[in-house]
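The values are calculated or read from the model by the stated rules, or taken from the named source; none is laboratory data. Predicted, not measured: the structure shown is a model, and the values here were computed from it. Cβ coordinates were reconstructed from backbone atoms using ideal geometry, including for glycine residues, and neighbour counts include every protein chain displayed. Accessible surface is based on the protein model in full, side chains and every heavy atom, while ligands, DNA and RNA are left aside. Shrake-Rupley method; radii C 1.70, N 1.55, O 1.52, S 1.80 Å.
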Amino acid sequence: MIARWLIPALLASILITGCSVSASPTPQSEPTQVSLPLVESAGSAAQAATEPSTLQESSPTEVSTPQIPATQAPTAAIPCTSPVNLTPPLTEGPYFMSGSPERTSLLEADTPGTRLTLTGTVLTVDCQPVANALLEFWQADANGVYDNSGYTLRGHQFTNEAGQYYLETVIPGIYTGRTEHIHVKVQAPGGPVLTTQLFFPDVAENQADRIFDPSLVLPLVPVGDGQAAEHNFIIALQ
Ligand code: FE
């Protein structure tokens, strides 16, 4: 038997015990707040995961095509009036090395020199763009020195479906006996290889260089702290 006077005391005790238990949910509610950023980051990851597939869908035919994003592709093509002359061939020189990496930028974090962005289109003599054409670039660095033990300032790439290419590099330096120049090979799929060189305007050494060809001088335009130029290559398909 419980004395009647004890009942209020027991009820008070139960209420106090209940309050002490109900105090514990306060820290349990925190994970709910912490989980919100996780939901956002999961959404960001899902969005990022969809971006590569979007790029692949826009250019599914060639592995090399995504190398030239639409934002980097040249926007103003050089006029081409058919028939146009083939790009003149020039000597390969002694410093070509096969096996260069496929890339559209030859720049590394510590590459010295004036930045050069080179764009253009590979065309036939009928002004038709050559898709998937191979371009191989190699050059001296800003001090006129070639990397003959590695692939610094060497690389190859393929034109996109519109025959366009895009190259980031630096303006090469001068070495003994030569003016500033960039070597390049251009080849349509299954076609002959064009080996030639590109030159730069207003270089005093141009006139004394026996390989120099004024038709291959790049029309430099200042862009930011560097230079840009557009140049089309006209090649034979066979
Ligand atoms: Fe050279």
### Selected residue (only one of D213, D209 is within 12 Å of the ligand (Cβ to nearest atom), acidic (D, E) and modelled with pLDDT of 95 or more)
D209
### Task
Kindly provide the set of residues from region 92-132 that are among the hydrophobic types (A, V, I, L, M, F, W, C), closer than 17 Å to L153 by Cα and either surrounded by 14 or more Cβ atoms within 10 Å (Cβ to Cβ) or within 16 Å of the ligand (Cβ to nearest atom) (or both), ordered by number.
F96, M97, L106, L107, L116, L118
### Task
Note down all Cβ pairs under 7 Å where the first residue falls in region 82-99 and is in contact (Cβ under 8 Å) with a residue 12 or more places away in the chain, the second is open to solvent by 70 Å² or more (accessible area, probe 1.4 Å) and within 16 Å of the ligand (Cβ to nearest atom), and they're at least six residues apart or on different chains.
Y95/N148
### Subset tally (residues that are within 16 Å of H181 (Cα to Cα) and part of a strand (DSSP E or B)) for region 83-118
4
### Task
Could you please find all residues in region 133-186 being within 13 Å of the ligand (Cβ to nearest atom), touching a Phe, Trp or Tyr at 6+ places or on another chain (Cβ under 7 Å) and not in a loop (DSSP other than H, G, I, E, B)?
W138, R154, H181, I182, H183, V184
### Message
Within region 187-203, take every residue that is surrounded by fewer than 21 Cβ atoms within 10 Å (Cβ to Cβ) and among the aliphatic types (A, V, I, L, M) and give me the one that is farthest from the ligand (Cβ to nearest atom).
### Response
V193
